[in-house]
Amino acid sequence: MQTDREICALICRSNGIKAKDIARILDVDRQEVNHILYSSPLMKELCWQDRDYKWHGIMKQASPHVGLQEYAGYYDTVGNFLELTEEVWLDQMKAGCINIGRNLNDTRGLFHSFLDCREQMLLLFSDLQEMMGERCLNWEIAFELRLNQSRHVRIYADVLVITEDRVFSLEFKMKNEVNPDEVLQAAKYCPYLEIMFGPAYEVIPVLILTSARERFEFAPIGKTDAVIPVCSGDMLFNVFDEYLGFLR
């Protein structure tokens, strides 16, 4: 997916660009560029073509990520998120989910899971403000990100926390033990988020076990040597410290 990422990044930083110019600038075969642009459901989600056959990005690949609200149930700065009451935030979340086509059937406790994610984020940013001050208030946060991975498969990332140069993709499970399939689920979003946010951002998947306490470890991704951080909600700030180093 490296070529997809390069194409999307070039489109997003251009004020409209044709496929032939994409191929020339990236030194990629024109047919390959056309195949990616016209055949990839994900690319069709992230880009659009005008009447002059020029391609444009829907979302800006820099802060503030203008256009990200088109893919998320809720998107704003962390500071603005923290100012909202639970009721106002949930109303905005529901409206945003309807806008992106998210099914709001609550028979399996969907709204409770929304609120649980919100509480975990409030705890995280309370800890982070104590550790690093108000810097994190300028970060961005998105709940319920939706992307089309293929014609019939959609990706839902629970929460994204976007710092100056990293995107933390947070997958929440109301459990206290690690399930290898859920580790795979948390990790599988990375290639698509890397295309969406571009080469300036490192994407870091995290699995959070909200029923666990004082837990932080790294779990293998399937049968590979790669790992992702797994933690309880009360230890999520340790994951951010692992990559940002604000306690060192």
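Values in this text are rule-based calculations from the coordinates and carry no lab data. Every value quoted in this text rests on a predicted model; they were computed, and no experiment measured them. When we count neighbours, we look across all protein chains shown, and the Cβ atoms used for this are built from the backbone with ideal geometry, even at glycine.
The range 1-76: which chymotrypsin sites (Phe, Trp or Tyr not before Pro) are DSSP loop and have at most 13 other beta-carbon atoms within 10 angstrom? Show your work: numbers first, answer last.
Details: sites: Tyr38, Trp48, Tyr53, Trp55, Tyr71, Tyr74, Tyr75; in loops: Tyr53, Tyr71.
Qualifying residues, ordered by number: Tyr53.
Suppose R0 equals 25 Å; then what is the FRET efficiency for Tyr243 and Ser126 from their Cβ-Cβ distance, rounded to the nearest 0.05? Walk me through the numbers on the way to the answer.
Details: r = 19 Å, r/R0 = 0.77.
Working from the Cβ atoms, E equals 0.85.
Roughly speaking, what is the stretch gain from Glu86 to Asp29, that is 0.36 nm per residue apart minus the C-alpha to C-alpha distance, in nm to one decimal? Write down the numbers at each step before the final one.
On the way: separation 57, 0.36 × 57 = 20.52 nm, distance 5.08 nm.
Taking Glu86 through Asp29 to full extension adds about 15.4 nm, to one decimal.
Return the tail of the calculated pair distribution for the chain, meaning the percent of Cα-Cα pairs more than 28 Å apart. Please list the in-between numbers first.
Numbers: 10648 of 30628 pairs.
Considering the chain, 35 percent of its Cα-Cα pairs are separated by more than 28 Å.
Taking 0.36 nm per intervening residue step and subtracting the Cα-Cα distance, what contour gain separates Leu110 from Arg13 on full extension? Spell out each step's value before the answer.
Values: separation 97, 0.36 × 97 = 34.92 nm, distance 3.66 nm.
Fully extending the segment from Leu110 to Arg13 adds 31.3 nm.
DSSP beta bridges in the chain, what fraction antiparallel, as a percent rounded to 5? Present the calculation step by step, with values, prior to reporting the outcome.
Working: 26 of 37 bridges.
Expressed as a percentage, antiparallel bridges in the chain total about 70.
Quick one: which residues, 5+ away or cross-chain, put their amide H under 5 Å from the amide H of Tyr74? H built at 1.01 Å from N.
Amide H neighbours of Tyr74: Phe143.
Please give me, ordered by residue number, the GluC sites (Glu not before Pro) of the range 189-226 that lie in loop per DSSP and have at most 10 other Cβ atoms within 10 Å. Mind dumping the intermediate values first?
Working: sites: Glu194, Glu202, Glu214, Glu217; in loops: Glu214.
In loop regions of the range 189-226 (DSSP not H, G, I, E or B), the sparsely surrounded GluC sites (Glu not before Pro) are Glu214.
Treating the Cα atoms of the range 2-57 as identical point scatterers in vacuum, please give the log10 of the normalised Debye intensity I(q)/I(0) at q = 0.19, 0.23, 0.24, 0.29 Å⁻¹, two decimals.
-0.54, -0.82, -0.90, -1.40
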